[in-house]
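Student: This is the structure I have questions about; it appears just below.
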Amino acid sequence: MDTIYALASARGKAGVGVIRISGPGAWEAVAALAGRLPEPRYAGLRRLRFGDDALDDALVLTFATGASFTGEESAELHVHGATATVRAVLSALGAHPGLRLAEPGEFTRRALENGRLDLAQVEGLADLIEAETEAQRKQALKVLSGAIGACAEAWRRDLIRAAALLEATIDFSDEDVPVDVTTEVLGLIGDVAEGLNRELRGVGAAERIRDGFEVAIVGRPNAGKSTLLNALAGREAAITSEVAGTTRDVIEVRMDLGGLSVTLLDTAGLREATDSIEEIGVRRAVERAIAADLRVFLLDYDAGVPMLERQPGDILARSKADFGSAEEEGVIHVSGVTGFGLTKLIARIAAELGSRAASAGVMTRARHQEAMSMAISSMESARDEVRNGPSRIEFAAEHLRRAIRFLDSLVGRVDVEHLLDDIFASFCIGK
């Protein structure tokens with residue numbers, strides 16, 4: 001195994017730069033620069049030298065094999081974050097025999113290969129690095145802490161118990177079976193299926209927390225959609241004009257609402273198009289609005305909003321409230337010009353999306369959903385075979401073994417090698 005090194009902190013001028021070294025030659029390489037090393041997991045201040053040149057005064061930490069992030073002999077150099085200082089220390093490490101610069105995500109990949117993290121935790125770490133909102137941070141940290149692995153292990157343990165009971169029955173096929181295991185097996189399968197289905201119902205919300213919700217502002221031309229978007233964004237994100245039909249394409253603005261990542265969509269005004277370009281804009285507006293998680297129907301004083309039907313949770317808002325208007329039940333009055341009603345509208349959007357996010361489970365990705373769905377399918381087949389009588393027990397046991405393999409794929413025990421390159425490509429070099 002090569003010894004690798006890389007800058008683990010952000011590039012550019014900073015107060016401190018953290019350089020990570022991992023592999024069988026890590027301590028030897030650091031000792032060549034720092035002299036006597038501190039005891040493992042303790043820090044020591046050392047003068048780093050390369051030949052006759054003093055590089056920096058650095059905080060040096062060492063980690064023994066099995067006690068580091070990667071599971072290998074490792075060290076960290078906390079140097080002053082000047083670009084020249086970091087470059088000089090990296091250059092000195094690169095000159096040491098047997099060391100090479102780490103590839104993107106290679107430290108984390110070694111942690112996976114050495115059993116320090118499972119695949120789901122690696123995905124959680126990737127999400128934590130990318131987290132922009134409080135909800136994303138909390139969800140990623142839960143996955144990184146091993147929540148998926150804990151669920152998968154509990155389900156796996158129950159299915160192994162059920163399969164063992166069935167296989168014991170097979171062993172007694174020519175004798176009197178001392179105990180009827182059918183009730184216990186069906187109970188174990190039912191409990192696991194219930195847990196899997198509960199997590200499946202929460203995958204959609206968990207994915208939205210990770211990727212962000214979409215909220216479409218829809219209405220007739222010149223209803224004030226672009227003005228409202230600009231007011232919510234706090235900047236001129238969309239062109240506004242008294243000329244109806246100014247917005248021809250979907251304009252997106254990403255925001256943090258109540259700790260959730262939300263993309264607001266300003267869409268073309270919905271009406272019968274007057275030219276081919278507007279027709280394209282209206283079609284895109286309808287498509288994006290239907291696909292959005294939530295819609296804000298911005299009403300003007302002439303009529304409602306054509307071409308779209310309200311879905312549960314959609315919000316009705318009356319625009320241009322700066323002109324004065326009477327209160328309406330179930331309708332929020334807003335003004336993109338004066339800001340009237342914006343706080344109330346934002347709170348309503350955040351509350352609606354927050355209620356959906358509350359149903360999120362720990363499974364966050366499409367591959368988790370697929371693995372759980374396939375496990376459930378195999379378990380249903382096993383349950384059917386158990387009910388078909390003793391002659392089908394061997395088939396039931398095989399279906400349970402298949403379900404266990406699908407659960408193993410959640411944490412990377414089997415059939416995930418093809419995923420690794422894609423996952424680690426998203427990591428930075430020092431991670």
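The values are calculated or read from the model by the stated rules, or taken from the named source; none is laboratory data. Given the structure is predicted, the values throughout are model-derived calculations rather than measurements. Positions of Cβ are backbone-derived with ideal geometry, glycine not excepted, and every protein chain shown enters the neighbour counts.
Student: Looking at 94, 66, 44 in this structure, which one is under 37 Å from the mean Cα position of the chain (by Cα), closer than 15 Å to residue 1 by Cβ and among the small types (Gly, Ala, Ser)? Steps first, answer last, please.
Tutor: Numbers: 94 fails: closer than 15 Å to residue 1 by Cβ; 44 fails: closer than 15 Å to residue 1 by Cβ.
Checking each option against the conditions leaves just 66.
Student: Name every residue in region 48-65 that is touching a Lys or Arg at 6+ places or on another chain (Cβ under 9 Å) and over 19 Å from residue 17 (Cβ atoms), in order of residue number.
Tutor: 64
Student: What's the number of the only condition in (1) more than 35 Å from the chain's Cα centre (by Cα); (2) touching a residue at least 60 places away in the same chain (Cβ under 8 Å) that residue 82 fails to meet?
Tutor: Going through the list (1) more than 35 Å from the chain's Cα centre (by Cα); (2) touching a residue at least 60 places away in the same chain (Cβ under 8 Å), residue 82 breaks only (1).
Student: In the same structural domain as residue 129 (by TED's automatic domain parsing) and modelled with pLDDT under 90: which single residue out of 392, 405, 401 fits that description?
Tutor: 392
Student: Right, residue 50: in contact with a helix residue (DSSP H, G or I) (Cβ under 7 Å, 6 or more places away or on another chain) and at pLDDT 90 or above or not? I'd like the intermediate steps shown before the answer.
Tutor: On the way: in contact with a helix residue (DSSP H, G or I) (Cβ under 7 Å, 6 or more places away or on another chain): yes; at pLDDT 90 or above: yes.
When the stated conditions are applied, residue 50 passes them.
So that you can scan it fast, the table gives a plain yes or no per residue for (1) modelled with pLDDT under 70; (2) of a type in the set (A, V, I, L, M, F, W, C); (3) assigned by TED's automatic domain parsing to the domain that holds residue 347; (4) in contact with a helix residue (DSSP H, G or I) (Cβ under 9 Å, 6 or more places away or on another chain):
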site: 245; (1), (2), (3), (4): yes, no, yes, yes
site: 256; (1), (2), (3), (4): no, no, yes, yes
site: 261; (1), (2), (3), (4): no, no, yes, yes
site: 264; (1), (2), (3), (4): no, yes, yes, yes
site: 273; (1), (2), (3), (4): yes, yes, yes, yes
site: 279; (1), (2), (3), (4): no, no, yes, no
site: 286; (1), (2), (3), (4): no, yes, yes, no
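Student: May I ask you to list pairs of residues, at least six apart or on different chains, whose Cβ atoms are under 8 Å apart, with the first in region 35-64 being touching a residue at least 40 places away in the same chain (Cβ under 8 Å) and the second being part of a strand (DSSP E or B) and of a type in the set (D, E, K, R)?
Tutor: Hits for this filter: 48/56; 48/57.
Student: For region 304-322, does any single residue satisfy the condition of being modelled with pLDDT of 90 or more and either in contact with a Pro (Cβ under 8 Å, 6 or more places away or on another chain) or of a type in the set (Gly, Ala, Ser) (or both)?
Tutor: yes
Student: Right, another one. Please go through region 154-191 and pick out each residue that is crowded, with 16+ Cβ neighbours inside 10 Å, β-branched (Val, Ile, Thr), modelled with pLDDT under 90 and assigned to a helix (DSSP H, G or I).
Tutor: 169, 182, listed by residue number.
Student: Still on this structure: Just for strands (runs of 3 or more DSSP E) wholly inside region 38-153: which have at least 1 residues that are surrounded by fewer than 16 Cβ atoms within 10 Å (Cβ to Cβ) and on the phi > 0 side of the Ramachandran plot?
Tutor: none
Student: Here is a follow-up. I'd like to know if region 336-351 contains one or more residues that are at pLDDT below 85, part of a helix (DSSP H, G or I) and in contact with a Ser or Thr (Cβ under 8 Å, 6 or more places away or on another chain).
Tutor: The answer is no; no qualifying residue exists.
Student: Count, please, the residues in region 349-375 that happen to be closer than 25 Å to residue 187 by Cβ and surrounded by fewer than 17 Cβ atoms within 10 Å (Cβ to Cβ).
Tutor: Final tally of qualifying residues: 2.
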